[in-house]
1. Given the options Leu36, Leu252, Leu352, which has the most mean-square fluctuation in a GNM of the chain, springs set between C-alpha atoms less than 10 angstrom apart?
2. If the only charges are +1 at each Lys and Arg Cβ and -1 at each Asp and Glu Cβ, what is the size of the charge dipole of the chain around the Cα centre, to the nearest 20 debye?
3. Going by C-beta contacts inside 10 Å, put Cys49, Cys279 in order with the fewest on the left.
4. Mind checking which of Met242, Met149, Met41 has the largest fluctuation in a GNM of the chain, springs on alpha carbons under 10 Å?
5. Return the sequence-ordered ³J(HN,Hα) values of the stretch 239-248 in whole Hz as given by the Karplus equation 6.51 cos²θ - 1.76 cosθ + 1.60 applied to θ = phi - 60°, using x for Gly and Pro.
6. Projecting each Cα onto the charge dipole of the chain (Lys/Arg +1, Asp/Glu -1 at the beta carbon, about the Cα centre), which of Leu183, Tyr284, Ile335 comes out farthest on the positive side?
7. Just flag the trypsin sites (Lys or Arg not before Pro) in the stretch 300-377 sitting in loop per DSSP whose Cβ has no more than 14 other Cβ atoms within 10 Å.
8. Among the lysines, which have Cα under 26 Å from the Cα of Lys193 when same-chain residues fewer than 8 positions away are ignored?
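Only the coordinates and a few stated rules stand behind these numbers; no lab work does. Everything quoted here is computed from the prediction, not taken from an experiment. Here the Cβ positions follow ideal geometry from the backbone for every residue, glycine too, while neighbour counts run over all protein chains shown.
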Amino acid sequence: MGATKNIWEILEAEDEASGNVASRIPYSSFVVDTSLPLPVMIPRIIQLCKDLFKNWRELDDSLFSVERVSGGITNLLLKVSVKEESDREVSVTVRLYGPNTEYVINRERELLAIKYLSTAGFGAKLLGGFGNGMVQSFINARTLEPSDMRQPKIAAQIAKEVGKFHKVDIPGSKEPQLWVDILKFFEKASTLKFEEPDKQKLFETISFEELHKEIIELREFTGLLNAPVVFAHNDLLSGNLMLNEEEEKLYLIDFEYGSYSYRGFDIGNHFNEYAGYDCDYSVYPSKEEQYHFIKHYLQPDKPDEVTMGEVESVYVETDAYKLASHLYWATWAIIQARMSPIDFDYLGYFFLRYNEYKKQKPLTLSLVTSYLSSSSV
């Protein structure tokens, strides 16, 4: 927890240096045990909120209500509603980091980026931090389902937001982190030991020599495309997209995996997520659907004015990096299988992603090679 606290201190120091003392983000050393049943956890959450926000400290606990919003396969989200003295109800979101997520998530990178993303209008506003999570403003919107993402109108909205997101400038190194992160995942994954004999036996069927070879070869191959580097979300699954249908406003949320990376990775990863956690790749977007998305990504106000050459370039780039997306989440899943207490078949997920990678690889290599050959003529 010490590293995370230091980053909160860095954020505070930045505000002091800029004279922006009013925007200091409160920090509490509280840690909330995510394994507790919700009724047992609620008093701790209320205590946390009172510790963070001084105008709530004298309020009676009965004025607080806490409910679970969602708990994906990484974090637990809670909605805290408070009736203030003026009878006005205020809601915030408390995000509790999943246990052991520091093995796969760079919290320092996330916290340093989130302030700038919030200022640029992305996600929920960061209100406070604590030992194993953060408090953000509550977004009044519904979380999308994988099937929503393929609806043309929603796909266009997502494309527009992703295009704006990719234009945000985050201070610091602009070096792409994709392969750095994948190789870090690989190093951790390849040395694991499982307590459960069945899991250990299945783990031993993974050829890490083969996996490493695939990572290095794909890194070299995608490098031929000279893909643009942007600040990427890197986890554009349906659960990180919210839509307020009355206002027709779409939100990108949860920037845990955000980093400078390749444009094609963010888009290709998003297309892979059409399949959901079940990995039903029969619903991977068609070429026509991908073109629709890419046009709105490149020119949201005038999508029909985008040239076919521009569309084709992003299409090929995306198809190449969708393979990197499979390797990224496949290696991630091995670590989660050992470290996460969440009831999810992570090792099974590894094989679903890795097998899809091997299935798509020859088709993608052929497409990219053909495109590069025609482009050089």
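1. Fluctuation is largest for Leu36.
2. Numbers: 40 positive and 57 negative charges, 70 e Å.
The calculation lands at about 340 debye.
3. Ranking Cys49, Cys279 by Cβ neighbours within 10 Å, fewest first, gives Cys279, Cys49.
4. Maximum among the listed residues: Met41.
5. Running phi through 6.51 cos²θ - 1.76 cosθ + 1.60 with θ = phi - 60° gives x, 9, 10, 10, 10, 9, 6, 5, 8, 6 Hz.
6. Towards the positive end, the residue furthest out is Leu183.
7. The qualifying sites: there are none.
8. Lys184, Lys201, Lys213, Lys358
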